[in-house]
Amino acid sequence: MSPDPRAPAPRAPGGTTPKIRIRGLKKAFGSNVVLDGVDLEIAPGESLVVIGGSGTGKSVLLKCILGLLTPEAGSIQVDGEETVGLSEREMDRVRRKFGMLFQSAALFDSLPVWENVAFGLIQAKEMKRAEARKLADRRLADVGLEPRVGELYPAELSGGMRKRVGLARAIATSPEIIFFDEPTTGLDPIMGHIIDKLIVKLTSKLGATGLSITHDMASARRISTRMAMLYKGRIVWNGPTAEIDRSGNPYVEQFIHGTDEGPIDIPLQDHFA
Amino acid sequence: MAEPVVPVIQPLGRAFLAFLAVTGRLVMFASQALSHCFRPPFFGRLIVRQMIEIGYYSLPVVGLTAIFTGMVLALQSYTGFARFSAESAIPNVVVVSITRELGPVLASLMVAGRIGAAMAAEIGTMRVTEQIDALVTLATNPFKYLVAPRLIAGVVTLPMLVLVADIIGIFGGYLVSIYKLGFNPDTYIKNTLDFLIFQDVFSGLVKAAVFGFIITLMGCYHGYNSKGGAQGVGQATTNAVVSASILILSFNYIITELFFAR
Ligand SMILES: Nc1ncnc2c1ncn2[C@@H]1O[C@H](COP(=O)(O)OP(=O)(O)OP(=O)(O)O)[C@@H](O)[C@H]1O
Ligand SMILES: [Mg+2]
């Protein structure tokens, strides 16, 4: 157990600088307080999954780290560098370390699939288009798509294919840190399994640090080395995946068993009683 | 007795504050976009694509608008001027009204409907489907990648489009004058050229450049700030067209005043 009472996170192995270190992060939209003092650390090379109910602010957490949303308070450090309050230009430099698979894939529908995958290479890394094209085809192959798919437009893809293209785009620039926002939601179980395997394989191939969000427990167990649970704007539990079943935390237990009896209250009115 | 005044003043004050807030946001958006227009890297490929979209694909709409405007102009001025035997002034009326006012204003209004709406819809959809977030995550500034190329293309392309509209509009007047009103073609052309003044054409092209900026700025601004799914995008589209049209008409007056008021 960590000596810091606000961060029950086990320290990164060897006490190195964490890849990402979040302290007291707060974010509200008007009167809707979404994050209310999140403390989280992610060590280099580990794969952390944040679990939590729908609407608890998991996506908002990722967007704060990426600088897409500005938090009201708190600190976010990437490789020991404070990123809250950086200028757009400086933040762009930090962003080059990240890759992100969006919940909705968020593919650019004006560009063919291969240009979607190659986008970061062409724009941020200023690679020649022909060269980027070759690399994009290789990334598409990595996620099990034929080069033929590269010519299609996002609107012509199925949901599973979009997720895989999004995955290829997230890893194309060989980022140090990759975020996956609900990589398996809306997919059939087999495709979900395939995506999980890809995530594990590709992050370890790149030696990248992973931060994923999901409410699919099976998927969470497969891709994580550590889990954290977000509830009411705070991290209420945080530990190795192997210990999730004996966490002793009532929130986690209710969540992994998916029962409606426990400390997590979901306000519903029963009009049929 | 101050009381009866309050119910009038309060909403007025609130509306005025809201107006100031919108103007402030718009100015900030515009200056951020402009600063990216002049700083490398420039996306030549995107600028050309937008120029084709704004210029080439608007040609049919703008051409039709211009030719019918020129035709009706000749016809209407004939019915008026014939009473004073001043028919010879028709080429003058056509040339001056087309180059100064109708060419730039009508062409721009048509383009506002076509391009302003399309831009707001495209960028708005990118906003609500997180594509703009994805762009930022890939370390690409959306002002640089989405807004600046559109603004540049609008400012460069609209004058070209208006030049074409001027020519087609004057030709429309010519058609009606020759084939319907029985003018002599040689005299008509000579009169037209006599009345064709550089400053008129130039002021029209300056207007076109300003209107091109207004149309693309409104399309980008409303698209970029749209929220709330398909309905929000629809709202952004409407706002882009309405605000661009109103701004075009009011800036038309201001520029005319600057050029011609002595
Ligand atoms: N741009 C925004 N403006 C206003 N409110 C927002 C915005 N984005 C998110 N929220 C609010 O923040 C809360 C958390 O949203 P978030 O998308 O992070 O949920 P989530 O945990 O990812 O849920 P899910 O698992 O369903 O994706 C919600 O109450 C949502 O209404
Ligand atoms: Mg989410």
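The values are calculated or read from the model by the stated rules, or taken from the named source; none is laboratory data. Quantities reported herein were computed from a predicted structural model and do not represent experimental measurements. Please note: Cβ atoms are built from the backbone with ideal geometry, for glycine as well, and neighbour counts cover all protein chains shown. Protein only, heavy atoms only, side chains kept; ligands, DNA and RNA dropped before computing areas. Shrake-Rupley method; radii C 1.70, N 1.55, O 1.52, S 1.80 Å.
Worth pointing out:
- A Gaussian network model of chain A, with springs between Cα atoms under 10 Å, assigns the largest mean-square fluctuation among A:G262, A:G159, A:G52 to A:G262.
- The H on the amide N of A:I235, modeled in the peptide plane, is under 5 Å from the matching H of A:D39, each at least 5 residues off or on a different chain.
- Top of B:L12, B:L109, B:L20 by mean-square fluctuation, Gaussian network on chain B, Cα under 10 Å: B:L12
- Taking one quarter of the surface of the convex hull spanned by the alpha-carbon atoms of the stretch A:107-166 gives a direction-averaged projected area of 3.6 nm².
- Of the residues A:V84, A:P250, A:T70, the one whose Cα sits farthest towards the positive end of the charge dipole of chain A is A:V84 (charges of +1 on Lys and Arg Cβ, -1 on Asp and Glu Cβ, taken about the Cα centre).
- Residues A:D245, A:D92, A:D79, sorted by accessible area with the largest first, give A:D245, A:D79, A:D92 [1.4 Å probe; ligands and nucleic acids excluded].
- Among residues other than B:C220 with Cβ under 14 Å from its Cβ, the summed charge is +2 (Lys and Arg +1, Asp and Glu -1).
- Those aspartates and glutamates that a straight Cα-Cα span of less than 16 Å connects to A:K128, excepting residues fewer than 8 apart in one chain: A:E115, A:D137
- Counting only alpha carbon atoms, the long axis of helix B:117-128 and the longest principal axis of chain B meet at about 10°.
- Residue-averaged [θ]222 nm for chain A, counting only DSSP H segments that reach four residues, each worth -39500 (n - 2.57): -10000 deg cm²/dmol
- Near the amide H of A:G99, within less than 5 Å, lie the amide hydrogens of A:I177, A:I178, A:F179, all on another chain or at least 5 residues away, with H placed in the peptide plane.
- Among the residues of B:122-134, the average count of other protein chain beta-carbon atoms within 10 Å of the residue beta-carbon is 5.
- Cα centroid of the stretch B:159-237 to Cα centroid of the stretch A:167-229, whole Å: 54
- Karplus-derived 3J(HN,Hα), 6.51/-1.76/1.60, for each residue of the stretch B:69-82, Hz, glycine and proline x: 5, x, 5, 5, 4, 4, 4, 5, 5, 4, 4, x, 6, 4
- Relative packing of peptides A:61-68, B:51-58 - highest average C-beta neighbours within 10 Å first: A:61-68, B:51-58
- Averaged over A:93-99, number of beta-carbon atoms from partner chains that fall within 10 Å: 2
- 3J(HN,Hα) couplings calculated from phi for the stretch B:154-162 with the Karplus curve 6.51 cos²θ - 1.76 cosθ + 1.60 (θ = phi - 60°) are, in sequence order, x, 5, 7, 7, 4, x, 4, 5, 5 Hz; Gly and Pro show x.
- Three-way shape call for the stretch B:48-260 based on the alpha-carbon gyration tensor, with the a/c threshold at 1.5: prolate
- The 3J(HN,Hα) values that the Karplus relation (6.51, -1.76, 1.60; θ = phi - 60°) gives for the stretch B:45-51 are, in residue order, 4, 6, 4, 4, 4, 5, 4 Hz. Gly and Pro appear as x.
- On association of chains B and A, roughly 1900 Å² of accessible area becomes buried (total for both chains; probe 1.4 Å).
- Ranked by the mean number of other Cβ atoms within 10 Å of their residues, highest first, the peptides A:125-131, A:81-87 come out as A:81-87, A:125-131.
- Rounded FRET efficiency, nearest 0.05, which uses the C-beta distance separating A:D270 from A:A130 and R0 of 51 Å: 0.25
- Partner chain coverage, peptide B:137-149 - average Cβ within 10 angstrom: 5
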